[in-house]
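The values are calculated or read from the model by the stated rules, or taken from the named source; none is laboratory data. Not measured: the values here are computed from a predicted model. Positions of Cβ are backbone-derived with ideal geometry, glycine not excepted, and every protein chain shown enters the neighbour counts.
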Amino acid sequence: MERSAKYVVRLDEQERGRLQEMVDRGKGSKTIRNRALILLKADEGEHGPAWADTKIAEAFDVGVRTVERTRRRLVTEGFEAVLARKPSPNRQYRRLDGAREAELVKLACSKPPAGRARWTLQMLADRLVERKVVASIGREAVRTTLQKATSSRGCVSSGYCLPKPTRSSSVRWKMSSKCINGRTTRTARSCASTSRPSN
C-alpha cells in the first residue's frame, strides 16, 4: 500500500459534507480548498474513493508531499486544524516604526564592516538586534523597509543609500536664435518657467 497506515484518512458524514460544501461554494482560500479536495479523495471511509497520493497529486496539480502533509495534519492535529491557514514560522510580520526605520536607513548608509564591500540584508538584521533596536527581525522585513524608504542597493560602496535630491523642474528664461531667410536674428525669450512668479 502506498500510504502509511498511520495517516489514513477516514471522514465521517458531517466532515465529508462540510468539505464538499467548501469545494462547491468556493469557500476559503485556494490552499484550503485544495486541502478539502485532497481529503475528499483520500478518504478511506465507508463511502470514500480512497485515491492513491499520486493520483490525487496529478488530479489537483499539487505535489505528492502536499497530499502526504495534508493527511498527516488531519490525523495528528485534527479536522479543524486542516481548515485553518497556518502562518509560516519563517515569515516576519514585524513592522518598524519611524525611529527604528531611520536607524536602519542610517545603518545601511554607513560604512560596511571590515572585509565587506557592502551590507547584506542579514548583516543589517543582525546588527539591529545587536544594537537592541529590535528584539528580532528577519531579512525580508529589512528588505521591505529599505524598499519603502526608497533606498537603492549598490549605488555607493556601503551597499545602500538614499537617492540624491533631483534638480528643480523649473526652466530658466533664455534667449534663442532663429534663422529666417538666411539671417540669424535674436528672438524674445522662448522658454517659460514652471515655477510660480515671486511677488
- Item | Filtered residue count, region 22-48, keeping only those that are within 31 Å of the chain's Cα centre (by Cα) and on the phi < 0 side of the Ramachandran plot | 16
- Note on the structure: Of GLY78, GLY115, the only residue that is modelled with pLDDT of 55 or more, in the same structural domain as LYS30 (by TED's automatic domain parsing), surrounded by fewer than 16 Cβ atoms within 10 Å (Cβ to Cβ) and over 24 Å from the mean Cα position of the chain (by Cα) is GLY78
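To keep it simple, each residue is scored yes or no on (1) over 25 Å from the mean Cα position of the chain (by Cα); (2) among the β-branched types (Val, Ile, Thr); (3) at pLDDT below 90.
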position: TRP51; (1), (2), (3): yes, no, no
position: GLU58; (1), (2), (3): yes, no, no
position: THR66; (1), (2), (3): no, yes, no
position: ARG69; (1), (2), (3): no, no, no
position: VAL82; (1), (2), (3): no, yes, yes
position: LYS86; (1), (2), (3): no, no, yes
position: ARG91; (1), (2), (3): no, no, yes
position: ARG95; (1), (2), (3): no, no, yes
- Among the residues of region 22-49, how many are of a type in the set (D, E, K, R), in contact with a helix residue (DSSP H, G or I) (Cβ under 9 Å, 6 or more places away or on another chain) and at pLDDT 90 or above? 4
- Enumeration of residues in region 9-19 that are within 35 Å of the chain's Cα centre (by Cα) and under 19 Å from ASP53 (Cα atoms): VAL9, ARG16, LEU19
